[in-house]
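Single-structure report; data block below.
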Amino acid sequence: MAYFKQSSKQNSKRNILYSLITVIVVVLLVIVSYVCRKYLSVDNGTVIVSTVEAVAVIVSLIIAISQIKGSKEIARATFIVQLNQAYVENPDYMKLYNCLQECFDSECEHSDTCNNETKCYLEIEKGVVSNYLTFFETVYLLEKDGAISLQLLDDLFAYRFFLAVHSKFVQQVKLKTQPRNFKNIFCLEKKWLDYRKKRGVNESPTQKSVYNTRLLKDLIDPEVYEDLVKE
C-alpha cells in the first residue's frame, strides 16, 4: 500500500541522514584533534583518547535515536494492523458493508422498488449502524490527536467510510435523524473530502461514486451542518 511504501522510503532516507551525520561528526572531531595537537600543544595521547571517547558517545546517541524511531515505526505498523483487524473481523461490520455494497451496485433484493423517494428496506439493526459509525468516530479522534494520518486513513478506509456515510440507509436511520449524535462523522467527512480534493483524487460530479453521492452537507439544514463541522 502507498502508506507502507512511503514509510519504507522515509526509513531509507533517515538511515542515509544518520550515516551522513556520523561521518560529518567524525571529520569535525578529527579536525579538532589536529588543531589541538598542532596549535595548542596538547598531549597527543590525551587528544586521541578524548577524540575516540567523543566519537563513541555521539555514535551511540545516533544509534539510540535511530532505534527509538524504529521502535515507534514498528509500534505504529502494529497498531495499524490491529485497527484493520478490528474492522474486518467484526461480522456486523462485514454484514453492513456487504449490504451497502449490494445497494450501491443495484444488486439489493429491493432494488426494483427502491428510489430516492422511498425509504430503504434493509433489515439491519440500528445498533449495528451506530457501532459502525462509532468505529469511524474513534478513527477520527485518533487522526485528530496525531496517532494516525489522513493519508493512512485514505489508503485503508476511504471506501469503507464513504460507502456507509453516503448511503441512503445509514443516512436514513442515523445521520439525518440524529445528526448531533454523530458530530465526529460530519467533521471527518468534511475533512476527508477536503483532503481528497487537495490531493486531486475526488471523482468528477458526473461519475457515480461513493465519494460524491449524498454528501452530508446536502442532508441537513445548512446552519446545522456548519455548526456540526466546526472542530
Taking 166, 110 and counting other C-beta atoms within 10 Å, the order from fewest to most = 110, 166
query = So for 78, 134, fewest C-beta neighbours within 10 Å to most, what's the order?
reply = 78, 134
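Based on other C-beta atoms within 10 Å, arrange 143, 231, 189 from fewest to most. Intermediate values should be presented prior to the final figure.
Values: 143 17, 231 10, 189 23.
The fewest-first ordering by Cβ neighbours comes to 231, 143, 189.
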message = I'd like the distance separating the alpha-carbon centroids of the stretch 116-145 and the stretch 154-184, in whole Å.
response = 5 Å
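When a/c is below 1.5 the answer is rounded, else prolate if a/b is larger than b/c, else oblate, so apply that to the stretch 77-179 with a ≥ b ≥ c taken from the square roots of the Cα gyration tensor eigenvalues.
On the way: a/c = 2.23, a/b = 1.91, b/c = 1.17.
Here the stretch 77-179 falls in the prolate category.
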Sparse-neighbourhood loop sites, trypsin sites (Lys or Arg not before Pro) in the stretch 86-126 - DSSP loop, at most 11 other Cβ within 10 angstrom = 119
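Every number here is computed from the coordinates shown, using simple stated rules; none is lab data. Fair warning: this is a prediction, and the values are worked out from it, not measured in the lab. With ideal geometry, Cβ positions are generated from the backbone for all residues, glycine too; neighbour counts draw on all protein chains shown.
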